[in-house]
1. Criterion first (within 30 Å of Ser187 (Cα to Cα) and either open to solvent by less than 20 Å² (accessible area, probe 1.4 Å) or of a type in the set (Val, Ile, Thr) (or both)) does Asn109 satisfy it?
2. Do we find that Thr30 is among the polar types (S, T, N, Q) and in contact with a Phe, Trp or Tyr (Cβ under 6 Å, 6 or more places away or on another chain) in this structure?
3. Take segment 184-207 and flag every residue that is open to solvent by less than 30 Å² (accessible area, probe 1.4 Å), at pLDDT 95 or above and under 30 Å from Tyr8 (Cα atoms).
4. Search segment 6-17 for residues that are among the β-branched types (Val, Ile, Thr) and pair each with any residue that is in a helix (DSSP H, G or I) when their beta-carbon atoms are under 6 Å apart and the residues are at least 6 apart or on different chains.
5. Is there any pair with a first residue in segment 127-140 that is part of a loop (DSSP other than H, G, I, E, B) and a second that is basic (Lys, Arg) whose Cβ atoms are under 8 Å apart and which are 6 or more apart or on different chains, and what are they?
6. Checking Tyr94 against (1) open to solvent by less than 20 Å² (accessible area, probe 1.4 Å); (2) at pLDDT 95 or above; (3) within 25 Å of Ala201 (Cβ to Cβ), which single condition isn't satisfied?
7. Condition check: open to solvent by 30 Å² or more (accessible area, probe 1.4 Å) and within 20 Å of Ser139 (Cβ to Cβ). Does Val27 satisfy that?
Amino acid sequence: MKIALLGYGKMGKAIETVALQRGHTIVIKTSKPLDYDITTADIAIDFSVPTAAFGNISNCINNNVPVISGTTGWLDQYNDIVSLCEKQKGAFIYASNFSLGVNIFFELNQQLAKMMAKLEDYKVNIEETHHTQKLDAPSGTAITLAEGIIKNNNAYNHWDLDKATDQQAIAIQAKRIADVPGTHVISYTSPIDTIKIEHEAHNRQGFALGAVIAAEWLVKKTGVFTMKDVLNIG
């Protein structure tokens, strides 16, 4: 495949390394919004910044180039992208996290939420830790985890950053520490014990590999998909 890397920071460079190892070609690598000819690419991988993501993704869809995005912080415009993709018969995948391990973790989180739904003595908490360059808080992954709990446990209907404002809120603590690729912990605490599940990324390679696998899967398809479709899970 001829790949466009829209966003050439640490993640973009990690994706480049994995893509080249898997026999692909990088035809565009840029961090400047819309400063490229997307028609030279077979597919685009967007790991840009929240202010650039919508323009990058729209440009790809309007030019019939499949696109996957791992940029978080722009999802107030997600439904507009879905509508555009359907109108243009494009191909698009968004994931808050492309790591294969994290997507398994998402499924474990939902299964645990179902198991804990009737155990009222346990209160849930999410903690996420990332590198200091991460622009958004909480992470998109943490939000996805919170949404998975809300979907499967009627005791909760929203999340709050740092501290829960009421009994129906899931508190998400967001920590920023230098050189931490990403750690997410789900804790259920009662007066007598605590149950935890945790995913810890050791480096960016897992995110990069998942993004390239998703790109390979999306080529020559039409529609809006998720990593569940790519991995055939859930």
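1. yes
2. So Thr30 fits the description; yes.
3. Answer for segment 184-207, where residues must be open to solvent by less than 30 Å² (accessible area, probe 1.4 Å), at pLDDT 95 or above and under 30 Å from Tyr8 (Cα atoms): His184, Val185.
4. Within 6 Å, the pairs are Ile15/Ala208; Ile15/Ala211.
5. His131/Arg176; Thr132/Arg176; Gln133/Lys10; Lys134/Arg176; Ala137/Arg176
6. Here Tyr94 clears every test but (1).
7. Against the criterion (open to solvent by 30 Å² or more (accessible area, probe 1.4 Å) and within 20 Å of Ser139 (Cβ to Cβ)), Val27 does not qualify.
The values are calculated or read from the model by the stated rules, or taken from the named source; none is laboratory data. Note that the coordinates shown come from a computational prediction; the quantities given were computed from them, not determined experimentally. When we count neighbours, we look across all protein chains shown, and the Cβ atoms used for this are built from the backbone with ideal geometry, even at glycine. These area figures cover heavy atoms from the full protein model, side chains too; ligands, DNA and RNA do not enter into them. Shrake-Rupley method; radii C 1.70, N 1.55, O 1.52, S 1.80 Å.
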